[in-house]
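Below is one structure; the comments refer to it alone.
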Amino acid sequence: MPQVKRWIPPALALFLLSPMVGELLSGSAPPAEFFTPFGFTVMTLLYGGGALTARELKVRWGKGMGSLLLRRKLWKEADVQASSSFQHSV
């Protein structure tokens, strides 16, 4: 049981801080809009869920951060290729 309690604070911090880094530091969302209950809930679920999923996959696979970045790059490239081929077929 102590093992579970050991990882909860870092995971909670990652869940809550990831939308702040993604939206507030980039300037995409003004603070007045970000800290509304609806805005904070939506952004936290979107960014925090993705950050926790990426962290969990990294831990379970036993890989480093480089593998996650490479997978993201390959996924993004596949997405660009799929969207460009869709535009040409329409």
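Every number here is computed from the coordinates shown, using simple stated rules; none is lab data. The shown structure was predicted, so the numbers you read here are calculated from the model rather than taken from an experiment. Backbone-built Cβ (ideal geometry, glycine too); neighbour counts: all protein chains shown.
Can you tell me the order of 37-44, 13-20 when each peptide is scored by its average per-residue count of other Cβ atoms within 10 angstrom, highest first?
Peptide ranking by packing, descending: 13-20, 37-44.
Any chance you could run the full-extension gain for MET65 through LEU17? It's 0.36 nm times the residue separation minus the Cα-Cα distance, nm to one decimal.
That works out to 15.5 nm of additional length.
Treating only the Cα positions of segment 2-63 as identical point scatterers, give the base-10 log of I(q)/I(0) from the Debye formula at each q in 0.16, 0.17, 0.21, 0.27 Å⁻¹.
-0.56, -0.61, -0.82, -1.09
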